[in-house]
Structures are given as structure tokens and as C-alpha cells.
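Have a look at the structure below, then the notes.
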């Protein structure tokens, strides 16, 4: 289990505040998605969780031990940052050698079988790889590392749709087979939604929300409705905590904060021509929560 | 974590460095030795010392000036490249993320990288150096003493490299960008000797009576880079070892404290930019002031102040641009920049206003034990026979007090603004044991008057006799006599005096006695008739000195009569 307790981190000798009093708990056996606005501190949090950065205050405990400068804990961690370092003239084969040296549980067989599946040449120089191929390679290295905790930063960047599905499958398989605990930071909520059991939402260096994805969706509802007249719609909107509103002809699509039943009873009280609640995407939850935290899309275009 | 495998990987990454050093060293050591071989084999027939000197130059044992500079440059460049390549990972976010997330302690990670860089450079050097040594030994170019010196030189070069490499490693730990790390290393390499020369320069610029009391030769000890230029191999080894230990300790402390987020920033620690900015601005502006004022005419002090102020204004701004690549940093750091600007100004004022009272020194008769005159190039002709040279062990004339009143009166009359075409240098041995040296720009007449007063003392004259400086070292000393011919119009033959050891000693004694029998004025009136050259050679090299023989040198002439007749 990963416990992040009141972690604060500033950069540039205190001029830039990256994280402020962040607390999170990530349970074993879960795929944890870390989402957040630009500059929210996702990468910083991952770097602290991997023991790269030392928090200014607070601590990150992995299986009850502080991770910073702790060799025993770090043995169980594999961190794949956004920009991965490859040794000059390295090949997938030589990278496997390096990972074998630093991760005692590295499964070479598994790695080469992955390589074959993804049609990556073990002898080809990594610097001739495309961005997506490099990304695939790093994911394979991480999943073969034998580490219990694997931290991915912007994993799905540069992958084509087919590869994204393959990678998601590989991560899910690794969770089932090896009981790894992946933490994935990404802007791509669509991908995270498919794979993550729990999600942490970072905003302006703090945690806005951390919960099971299904529970998270309980507090925000998406409703599409057709009202008899515009006055009723205006009245309804004033009664609801509307996060966003879209219209397609006479059809209105509302994202509303609140309990499902309560919202629907208010809507039905206006006797709409048509009204139904539809599933919410993670992106809509994200917009809803960040707007509550002062990150309003409308403000960006004023 | 398999440290061995990781280390192997690191070494593999630096294979190109290994090959680069191997190729450079191959041309610098074995090839040069082979090229020398033909000429050296001929030298072997003539004597050992020339052979040893030639090979020694290549191998850094007994290097001449140019070879020393090349060796220093090679060692410094190798250390810069090795440290830059090895610790680049600290300056790159992705590499930092990779290395810092590995299950290995910071200190061990540093040592692992450090060793890989060190061995990738030192092993190819050793291969080339040993190959050159073997060639020399097999062909007879190095024997006995030379072989011992060869191995000592090898050790010293490795240690000098180690100390510079460690300093560079430390600087890369202290910084977050490779270029800043390299600049910082360069700064630390020059600041030690540079500070001494800056002090000398400022004293020379502002203090009229200043005589350097610092042996600038010691400047080489203040930087690991200049250590490589020393011919004293054991000194190199000891100092390089001391530097290495100091830098290693600092580097290990810095590694423990260094935040990983420093990658990409200019400096790893908050206090460092302030320190560096002040140090660089102070040293740099004083240096530019001194260097550029040399091109000015008239009062150099005005030019110094002009260029120093401009440099002190510009340097902090230039550093802001280098550190931040952002013009706004200049405005943001105005307080630090102002402080950086103020410090060289304060230092300059300290010297310009002579706050320490150096130029205002007037000897008090009851405090002075004795006074001597230090030789000057301008008076080097006959006058040099009557001045007291600076002896290597730094003891000055300190027997009976001589003409203190006269010297004190002279000093009193020579205020800094008085000036003159000649420089008189006096040394005052105070009763407290302190030695005070001052120089006075003055007229030739005044110098002559003072010399005459001083030369009344026979004991003084004997002590300063030039012949006493000739090192008599037995068989290998040769005495050569030739006619005195300042215009080189007389076709005089040089005669090697066939003297046994006793004869040589008698000749030296006679020279000392004759020299000290004449007063300064007598020298001025007389003209030498012969020159006697004393040449000395040894395994470490040679030395020679030339003495003028005057007609008044009766005892010397008696000994030389036999050869003069010939």
C-alpha cells in the first residue's frame, strides 16, 4: 500500500509551489489513475513516490516504509517518467540487460515475448525508434521489471489506438498475474477510465478528489432533456448546480452536481417532454471537480 | 541490484571516451618516444642527462616549459571531459529520474559513476604511458634513477588528474547544467593562483613602494591544474593527494544534500549563486581592470578604476544571463548585483587609499636591526656587486647594523610622488624579527650615495660578494676564462681552467676576497679585463654564472696569470 501523507514540494528555492499538503492512499491490487490539470503536480508526485525527489514536508510510505533513500523499498519500484532515458546506442536487448542489473526480478523471457508480440526488433537501436515505439519499449521494460509498484507518467502519449488497447491489456494482465500496483498519471482520461479502479484528481498542487471511479461518478450526473418551454428550462437551471450545459436543437445536455435521484425528481417536477440520465465520462467528472476548485473553462476564454 | 552489472554498463557507455584517451595518449606518449629514439640514441653516447631530459619531457618527469603546458592542458581537458560525461546525468531530468529511482544509495551511485569515469580515462592513459616507458627501458633510454622517476611521474600524473577530475565532479554536483559545472570548475582551477597574482597586481598598481614579498612560484600549489606543471614529482603527489581527499569529501557531502530537482537549473543550492556571483565579479573585475589598464597611457590607476568599474557592472549581468537565460533576472537580482559590484570597489579603495599604510612606512632607528639593498636589474652591471640579492632561504643581511640613519633619512625623503628613473630596493630587518621590504623610485646619484655609505662596511661587502653565490660542486664544475669584451669585437679565446678541487676552491675564495675589497665608487671607475664563467652540471640539469674580473682583483689575477699567459 502507498500512503502519501501531507506531502508539500516547492521548486526554484520556494518560488514555485508544486504540491501542497497532498494526502492519498493507494491500495494494493488496484490500478490507480492520477489525473489533473496542467501543472497540477502529477509528475512531481510520481517522482516523490519513486524516491527521486525529497518532499519538503510530509512523507511517502510504501508498505509502511519511507521511500526516500530507502534501498529496500525502491527495490519494489519501477518508475517510467514522461521522457525516458535511454543509454546512447542502446538497443531493447541492452536495455533489458540494464534493467536486469537494476531490477533483480526482471523477467527476461517475458520481456522478449512481449517484444515479439509488438514486433519490436531487440537488436535495433532505440534512437532509431519512433516516439510510440520508445513508449512501448518502456512499458514492456516496466511490466517485465518484476517490481510491485510501477509508476507510469503519461503512458499513453504517442501510442496509436490499437497499441493503447494492447498496453491497457498488458497492464491489466500484469495486475492479475503478478499482483503489481500500477499508478498511471495521464491527461488521457478516456484511457484511464477504461483501466483505472481508483482515481486521484490533482489540482493546483492539492488533491481535489481521490476515490473509486464509480463512487466518484455518483456525485455528478449527466442529464439530457427536452423542456416544453424556455422559461421552464431557465427555472430548472436556477434550481440545479449546473457544471456545463449544451444544446442540440431542442435537446439540452446538462452536467449537474448532486445526487442522482434528487436531480431527476427536480427535473421531472417540470414535466419535461423527455428526460433521462446518461453515463458520465471521467472527463466530465474532471471538469466538474476542477471547476469547483476554481479551474473554470469559461474563465480561460473571457 | 547487481552493482557489477550496472558498473559494466556504465563502463560500456564510456567506451568512446576510453578509445579517445587511448588514441590521444598513443600519439602523445609511445609515438613521441619512438620519434625521439634516433636522436636520443646518439645522445646516449654523450651523456645521460640529455637523454633523461628529452625522455623526461615527453613523460612529464622533467618537462620543459612547453611540454609542461601541453601536459597540464591534456590532464585538464581529460578531467573536464571525463567528469562532464560521467555526471551529465545530474543535469538531465530524464536521466536523473532514471538514476535516482534506482535502489541504490546516493553516495554509492556517485562512487559508481565516479569510478567508471576515472577508470575509463586512467586505464587507456596507463596503457599508453606504460608502453612508452617499456620502449624507453628496453632501448636503454631510461635506466636506474630514470625508471624510478618514470613510475613516480606516472603516479603523480594520475593523482593530478584525479584531483582535477574530483574538483570537476564536485562542481557538476553543485550545479544543474553541464556548462555551468564546467565554468565553475574552471573558476576554481584559476582562482587560487589568480588570487595571488591579483594581490600582486593591485599592490603593484597602487603602492609605489611595494616589493613583492610573495614567492609567486607557490601559486602553482593553489590549484590542482598547475600542479601538473611542477617538476617536483613528490610535491605533485602529496598535494594532488591532499586535493583529491578534500574534493572527494566535499563531493560526497554535496551529493547527499543535492536535491534531484536541481537538474536543469544553474545551481543545486540556494547560497551558491550568491557566492559565485560575488567571487567571479570580484576576481573578474579586478583582473579586467589590471589587464586592460596595461594598454592605457598616463596614470594606470585611473585606467584600472575605469575598466574595473565597467567589469564590475557588467559581470553580474552577464552571469544572470548565463544562469537564467532571461534578461528579467538582471532586474530581479539587483540587490545581489549591487553587492557584487560594491565588493571590488571596496577592495580597490582599500589599495588606492593605502588603508593598511604600506606606502607610509618610515623605519624608526631604534626598531631596525639592519638594512640591506636588494638587487635590481637596472643596476645589474657593476652595481650588482654591491647589492644584497634575495637568497633562497629568505634570510637577509642581518649581521651588524649598517647605515640605518642614512637609510631612514633616504626613506623619509622619498615620498611616493617623488619618482625617479631608478629603483632602489631596501630591506629592513626589524628587531622584532619582521622583515620589511620597500622600493623607492629615485635618481642614480641618490642610489650611488647610499651604496657608497653602505659599502664602507667591509663585512657587508664580503657578504654580498657575487662569487659567494657560485655553487661549487666538485668535479662537474667547469671554470672558463675569456677576455672582457662588451662590444664583442675582440676575438678572444675561451680557456677552460684546468683546476683540481683545491684549485677551484682557492679561486672562489680569492674572487670573494677581491670582490669585497673594492668599494662601489672604485667599481664605477674601473673596467673589467676578463670574465670568468662557472658552469655546473648534474643529473637534474645545469647552471652557470659569469663574474667580471677587474684589474684590482690582485689575488685572483695571481691564480689566473698562468692561463692568461697561455
Practice prompt. Taking 7 Å along the Cα-to-C-beta vector as the label spot, tell me the residue A:162-residue B:256 distance in nanometres, rounded to one decimal.
Written response: 5.5 nm
Worksheet, complete the sentence: Between the modelled labels at residue B:338 and residue B:431 (7 Å from Cα along Cα→Cβ) the distance in nm is 5.2 nm
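For segment A:19-72, which semi-axes, largest first and in whole Å, follow from the square roots of 5 times the eigenvalues of its Cα gyration tensor? Before the final figure, lay out each step's value.
Values: eigenvalues 66, 46, 19 Å².
So the three semi-axes of segment A:19-72 are 18, 15, 10 Å.
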Practice prompt. First check a/c for segment A:63-172, with a ≥ b ≥ c the square roots of the eigenvalues of its C-alpha gyration tensor; if it is under 1.5, answer rounded, and if not, answer prolate when a/b is larger than b/c or oblate otherwise.
Written response: prolate
Worksheet item: Expressed as a rounded percentage, what relative contact order does chain A have, with Cα pairs under 8 Å and six or more residues apart?
Response: 19 percent
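Given a Förster distance of 22 angstrom, what is the FRET efficiency for residue B:155 paired with residue B:77, based on the Cβ-Cβ distance and rounded to 0.05?
Numbers: r = 20 Å, r/R0 = 0.93.
The formula returns an efficiency of 0.60 here.
Tell me whether segment B:3-269 comes out rounded, prolate or oblate; compute the Cα gyration tensor, take square roots of the eigenvalues as a ≥ b ≥ c, and use a/c under 1.5 as the rounded threshold. Intermediate values should be presented prior to the final figure.
Working: a/c = 2.66, a/b = 1.29, b/c = 2.06.
Cα axes put segment B:3-269 in the oblate bin.
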Item to complete: Note down the nm distance, to one decimal, between modelled labels 7 Å out along Cα→Cβ at residue A:224 and at residue B:234.
Response: 9.4 nm
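Cα gyration tensor of segment B:81-200, axes a ≥ b ≥ c as square roots of the eigenvalues: rounded (a/c below 1.5), prolate (a/b > b/c) or oblate? Kindly include the intermediate steps, with their values, before the conclusion.
Numbers: a/c = 3.34, a/b = 1.53, b/c = 2.18.
Oblate shape, in that a/c is at least 1.5 and b/c is the bigger or equal ratio.
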Discussion item. Distance between the C-alpha centers of segment A:229-265 and segment B:109-146? Whole Å please.
Written reply: 82 Å
Worksheet entry | In degrees, nearest ten, helix A:161-178 long axis to first principal axis of chain A (Cα) | 70 degrees
Worksheet item: Is it possible to state the helix-based mean residue ellipticity at 222 nm for the protein assembly as shown, with each DSSP H run of 4+ residues giving -39500 (n - 2.57), the sum divided by total residues, to the nearest 500 deg cm²/dmol? What is it?
Response: -16500 deg cm²/dmol
Item to complete: Output the relative contact order of segment A:218-300, whole-number percent, from Cα pairs under 8 angstrom with separation of 6+ residues.
Response: 40 percent
Worksheet item: Based on the Cβ-Cβ distance of residue B:137 and residue A:125, what FRET efficiency does E = 1/(1 + (r/R0)^6) give at R0 = 56 Å, to the nearest 0.05?
Response: 0.80
Worksheet item: What's the angle, to the nearest 10 degrees (0 to 90), between helix A:108-117's Cα axis and the longest principal axis of chain A?
Response: 60 degrees
Item to complete: Specify the inter-centroid distance of segment B:346-371 and segment A:64-135, based on alpha-carbon positions, in whole Å.
Response: 70 Å
Discussion item. Please rank A:216, B:141, A:248, fewest neighbouring Cβ atoms within 10 Å first, as an exposure proxy.
Written reply: A:248, A:216, B:141
Item to complete: State, in angstrom, two size descriptors of the protein assembly as shown derived from its alpha carbons: Rg to one decimal place and Dmax to the nearest whole number.
Response: 40.3, 144
Worksheet entry | Crossing angle, helix A:92-102 versus chain A [Cα axis fit, 0-90 degrees, rounded to tens] | 80 degrees
Worksheet, complete the sentence: Exposure proxy check on B:362, A:22: fewest-to-most Cβ neighbours within 10 Å is B:362, A:22
Worksheet item: Between residue A:176 and residue A:268, what is the FRET efficiency for a Förster distance of 56 Å, r being their Cβ-Cβ separation, to the nearest 0.05?
Response: 0.85
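Which ordering of B:221, B:16 is given by a fewest-first count of other beta-carbon atoms within 10 Å? Working shown, then result.
Numbers: B:221 19, B:16 12.
The order, fewest Cβ neighbours first, is B:16, B:221.
Pull up the DSSP beta bridges for the protein assembly as shown and report the antiparallel fraction as a percent, rounded to 5. Intermediate values should be presented prior to the final figure.
On the way: 72 of 90 bridges.
Expressed as a percentage, antiparallel bridges in the protein assembly as shown total about 80.
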Discussion item. Can you report the principal axis dimensions of segment B:132-240 using only the alpha carbons, biggest first, rounded to whole angstrom?
Written reply: 57, 44, 19
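Could you give the Stokes-Einstein D for chain A in µm² per second, using the C-alpha Kirkwood radius, 10 °C, 1.306 mPa s?
Answer, rounded: 75 µm²/s.
Where a number appears in this text, it was derived from the coordinates with a stated rule and is not lab data. Computed from a prediction, not measured in an experiment: that's the story for all the values here. Note that we place each Cβ from the backbone using ideal geometry, even for glycine, and neighbour counts take in every protein chain shown.
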